Amino acid sequence: MSQTNSMKIFFTDLDGTLLNHEKKITPDTLSALEQWTAAGNYFAICTGRALDSAMEVHRTLQLHFPGTFLIGSNGGEIYDCSQACMISRIALTLEQTALVMKIAKEQGVHCHTYTDTHIVSPADDEQLTYYRRVIHTPVIICEDVVSALERGACKCIAVELHDKEKLERFRQTLLPLVEGELTLLYSNDNYLEIFPASSGKGSAVRILCDYLHIPTANALAAGDEANDISMIQAAGTGIAMLNAKDEVKAAADLVTATDNDHDGLAPVLRAHL
């Protein structure tokens, strides 16, 4: 695929960034995206959610712009909407998944993973119910999660609603066992994302820019949580939302004047047309 160096691409997280607290995109932000893509630029949703959930958002919010890409599982899956094909997939091995699930079970932490079409969870518990308030992916309940996988998943996620220290103990126990192989990052205070070290949203920025022959200097990337930092740093213009965590703001080139509930992205996009 050949493009000129004048093309730009906008990478954006969903929750807390492109979407407001009602999980909707507001009219002015939608209008700014329409202007952005109408000018011939590219648009990429880049989320920690699995790809099927990103596809649901793309479909239900009618984000059918030309040159749209969906990036799921913190960069593990990159999908070209125009060509209806996957262009990159980076997954954990089954052995890595088994280790993550084993440590989670030993520490009493809810942890689940994914097939291409389902969440695979060892239990139907409070944490899974909470997670599925927004994520509508169907579920397979299977005590031996790995036995339900036909191939390696792009991520696991640990969920804890009441005790952040419990989640952090799990992270600290797992970290020395997978250091250099897996990345362990919070996407919010309740969710610990677990994915290959070669993956990540920053990696997705580089892969997709290379695919489109767009220099990363022409990429904009916006987010609000720790799992967005690599993406913000990889792009030529890194954007933190006003509602972002402090470490995200510190990594960004600019911070939006308003938050995700007040069209924070709209003026930034228009300024870079």
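The values are calculated or read from the model by the stated rules, or taken from the named source; none is laboratory data. Computed from a prediction, not measured in an experiment: that's the story for all the values here. Here the Cβ positions follow ideal geometry from the backbone for every residue, glycine too, while neighbour counts run over all protein chains shown. Only protein heavy atoms, including side chains, enter the accessible area calculation; ligands, DNA and RNA are left aside. Shrake-Rupley method; radii C 1.70, N 1.55, O 1.52, S 1.80 Å.
In the set Ile140, Ile119, Ile135, which member is closer than 19 Å to Asn188 by Cβ and either in contact with a Leu (Cβ under 7 Å, 6 or more places away or on another chain) or surrounded by fewer than 18 Cβ atoms within 10 Å (Cβ to Cβ) (or both)? Before you say what the answer is, go through the steps one by one.
Details: Ile140 fails: closer than 19 Å to Asn188 by Cβ; Ile119 fails: either in contact with a Leu (Cβ under 7 Å, 6 or more places away or on another chain) or surrounded by fewer than 18 Cβ atoms within 10 Å (Cβ to Cβ) (or both).
Of the residues listed, the single one that is closer than 19 Å to Asn188 by Cβ and either in contact with a Leu (Cβ under 7 Å, 6 or more places away or on another chain) or surrounded by fewer than 18 Cβ atoms within 10 Å (Cβ to Cβ) (or both) is Ile135.
Entry remark, region 149-176: residues being open to solvent by 30 Å² or more (accessible area, probe 1.4 Å) and under 28 Å from Ile78 (Cα atoms) number 4 in total.
Kindly establish whether Val134 is β-branched (Val, Ile, Thr) and within 23 Å of Asp224 (Cβ to Cβ). Spelling it out, Val134 is indeed β-branched (Val, Ile, Thr) and within 23 Å of Asp224 (Cβ to Cβ). Elements of the type helices (runs of 4 or more DSSP H) sitting completely within region 125-236 and holding at least 3 residues that are under 20 Å from Phe69 (Cβ atoms) and either of a type outside the set (D, E, K, R) or within 16 Å of the chain's Cα centre (by Cα) (or both): these cover 201-212, 229-234. Just to check your reading of the model, which residue among Thr29, Thr17, Thr68 is under 18 Å from Asn218 (Cβ atoms) and touching a helix residue (DSSP H, G or I) at 6+ places or on another chain (Cβ under 8 Å)? None of the others qualify; the one that does is Thr68. Quick one: count up the residues across region 211-236 that are crowded, with 22+ Cβ neighbours inside 10 Å, within 18 Å of Leu265 (Cα to Cα) and touching a helix residue (DSSP H, G or I) at 6+ places or on another chain (Cβ under 7 Å). Selection size over region 211-236: 10. Residue-level analysis places Ile239 outside the set of residues that are surrounded by fewer than 22 Cβ atoms within 10 Å (Cβ to Cβ), in contact with a strand residue (DSSP E or B) (Cβ under 8 Å, 6 or more places away or on another chain) and either part of a helix (DSSP H, G or I) or at pLDDT 95 or above (or both). For region 193-210, the tally of residues that are open to solvent by 50 Å² or more (accessible area, probe 1.4 Å) and either in contact with a strand residue (DSSP E or B) (Cβ under 7 Å, 6 or more places away or on another chain) or acidic (Asp, Glu) (or both) stands at 2.
Select from region 246-273 the residues that are assigned to a loop (DSSP other than H, G, I, E, B) and either out of contact with any Phe, Trp or Tyr (no Cβ under 9 Å at 6 or more places or on another chain) or of a type in the set (Val, Ile, Thr) (or both) and list them in ascending order. Explain how you work it out, then say what you get.
Keep residues of region 246-273 that are assigned to a loop (DSSP other than H, G, I, E, B), which gives 252-253, 256-265, 272-273.
Listed by number, the residues that qualify are Ala252, Asp253, Thr256, Ala257, Thr258, Asp259, Asn260, Asp261, His262, Asp263, Gly264.
Against the list (1) part of a strand (DSSP E or B); (2) modelled with pLDDT under 95; (3) not β-branched (Val, Ile, Thr), the condition Ser88 fails is (2). Scanning region 242-264 for residues that are under 20 Å from Ala204 (Cα atoms), crowded, with 18+ Cβ neighbours inside 10 Å and without any contact (Cβ under 8 Å) to a residue 24 or more places away in the chain returns Ala251, Ala252.
Conditions (1) open to solvent by 10 Å² or more (accessible area, probe 1.4 Å); (2) free of Cβ contacts under 8 Å to residues at least 24 places away in the same chain; (3) not aliphatic (A, V, I, L, M); (4) not in a helix (DSSP H, G or I), marked per residue:
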{"residue": "Phe11", "(1), (2), (3), (4)": "no, no, yes, yes"}
{"residue": "Lys23", "(1), (2), (3), (4)": "yes, no, yes, yes"}
{"residue": "Leu33", "(1), (2), (3), (4)": "no, no, no, no"}
{"residue": "Trp36", "(1), (2), (3), (4)": "no, no, yes, no"}
